[in-house]
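Asker: Following this message is one structure expressed as structure tokens.
The values are calculated or read from the model by the stated rules, or taken from the named source; none is laboratory data. The structure displayed is predicted, hence computed values, not measured ones. In this analysis, Cβ positions are derived from the backbone assuming ideal geometry, glycine residues included, and neighbour counts consider all displayed protein chains. SASA here: full protein model, heavy atoms, side chains in, ligands and nucleic acids out. Shrake-Rupley method; radii C 1.70, N 1.55, O 1.52, S 1.80 Å.
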Amino acid sequence: MKRLLSVYAWLVFAFLYLPIVVIVALSFNKSRYGVSWTGFTLEWYSRLFANERVLEYLGNTLVVATVSTTVSTIIGTLLAVGLVRYRFRLQNGLRYLLYTTVVVPDIVMGISLLLLFAEVRSLIGWPRLSLLTIILGHISFQIAYVTLVVRARLMLLDPALEEAALDLGANNWRTFREVTLPLISPGVVSGALLAFSLSLDDFVVTFFTSGSGSTTLPLYIYSAVKLGVSPEIHALSTLMVGATILVLVLGVLFWRNRG
């Protein structure tokens, strides 16, 4: 039985990761068409970085990911502290609402945000679909992930440490800055890295909240694939996968070193 489960697990992993391996391999293949291997090359990467549009879309992607991650990390951290250290009405409802944000389908989130922005714009004439609306859309789901990660770290923190700081004369802000925040920093950094990687890879929410002049790399890949998959798309996809893995590995290493 154990051996059967092991084989089943390997089949599942192969189903999940073999397509990614194929994309990575094809990004180094000299052949422009087909999947037959004709030799190793870095030509597609050089063409990719010579494409000014791709560099523009990369800049948009990094701006969205950086700003949304910064805002969601600050709000998510404060929200996690409030949920763990304080008691208030509807606290359980707020906690369950966070889980709902995580499990709700992306397409539902994207359509909801589009309708919200359209309704607000009809009332006050703002905002137009742009990088700002993409950032707001990403913040709306990143906050939940950051909050849950930081909350898990806070649950492991002994409240007596904060109480000791308060007994020694520190106010609430100083206690948070010099005691609580350093102790939960692995959770904060892990949540921020998770939010950043989610923003880099997001397509559905970005698709519904983007406007003219606010194309990101996932949107570019989608539009380019409709015209045919080229080796440049393979190279771009490989770089995005590598960036995501790097961010997550850094988060794990930081957690182990500081945990």
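Asker: How about the range 157-245: which helices (runs of 4 or more DSSP H) wholly inside it have at least 1 residues that are of a type in the set (K, R), out of contact with any Gly (no Cβ under 9 Å at 6 or more places or on another chain) and modelled with pLDDT of 85 or more?
Answerer: Correct list: 172-175.
Asker: Mind checking which pairs have a first residue in the range 1-18 that is modelled with pLDDT of 85 or more and a second that is surrounded by 10 or more Cβ atoms within 10 Å (Cβ to Cβ), Cβ under 6 Å, 6 or more apart or different chains?
Answerer: Within 6 Å, no pair qualifies.
Asker: When you scan the range 208-224, how many residues do you find that are open to solvent by 70 Å² or more (accessible area, probe 1.4 Å) and either within 28 Å of V189 (Cα to Cα) or not small (G, A, S) (or both)?
Answerer: Number satisfying all stated conditions: 1.
Asker: Search the range 20-41 for residues that are farther than 12 Å from P231 by Cβ and pair each with any residue that is open to solvent by 80 Å² or more (accessible area, probe 1.4 Å) when their beta-carbon atoms are under 6 Å apart and the residues are at least 6 apart or on different chains.
Answerer: That search, which allows pairs on different chains as well, returns G39/K30.
Asker: Quickly run through the range 112-124 and pick out the residues that are open to solvent by less than 50 Å² (accessible area, probe 1.4 Å) and either in contact (Cβ under 8 Å) with a residue 24 or more places away in the chain or outside any helix (DSSP H, G or I) (or both).
Answerer: First, pick out the residues of the range 112-124 that are open to solvent by less than 50 Å² (accessible area, probe 1.4 Å): 113, 117, 120.
Hits for the range 112-124 are L113, F117.
Asker: Moving to a separate point now. Can you find even one residue in the range 225-239 that is open to solvent by 50 Å² or more (accessible area, probe 1.4 Å), of a type outside the set (A, V, I, L, M) and more than 21 Å from S197 (Cα to Cα)?
Answerer: yes
Asker: Any chance the range 22-45 includes a residue that's within 23 Å of the chain's Cα centre (by Cα) and closer than 30 Å to T209 by Cα?
Answerer: Yes.
Asker: When you go through (1) open to solvent by less than 60 Å² (accessible area, probe 1.4 Å); (2) closer than 21 Å to T77 by Cα one by one for R256, which number turns out not to apply?
Answerer: Failing condition for R256: (1).
Asker: Looking only at the range 114-121, decide whether some residue is acidic (D, E) and within 20 Å of the chain's Cα centre (by Cα).
Answerer: no
Asker: Let me ask something else about it. Of all the helices (runs of 4 or more DSSP H) wholly in the range 1-111, which have at least 3 residues that are among the aromatic types (F, W, Y) and open to solvent by 70 Å² or more (accessible area, probe 1.4 Å)?
Answerer: Working: elements: 2-26, 43-50, 52-85, 91-103.
It comes to 2-26.
Asker: Starting from the range 196-222, take each residue that is more than 13 Å from G59 (Cα to Cα) and list its partners that are assigned to a loop (DSSP other than H, G, I, E, B) and among the β-branched types (V, I, T), counting only C-beta distances under 7 angstrom and pairs at least six apart or across chains.
Answerer: As it stands, the answer is T206/T216, since those pairs meet every condition given.
Asker: So in the range 132-179, with the set limited to residues that are among the hydroxyl-bearing types (S, T, Y) and under 24 Å from V103 (Cα atoms), which one is surrounded by the fewest Cβ atoms within 10 Å (Cβ to Cβ)?
Answerer: That would be S140.
Asker: Could I ask something else about it? From the list P186, P159, P231, P182, which residue is over 29 Å from L114 (Cα atoms) and in contact with a strand residue (DSSP E or B) (Cβ under 8 Å, 6 or more places away or on another chain)?
Answerer: The match here is P231.
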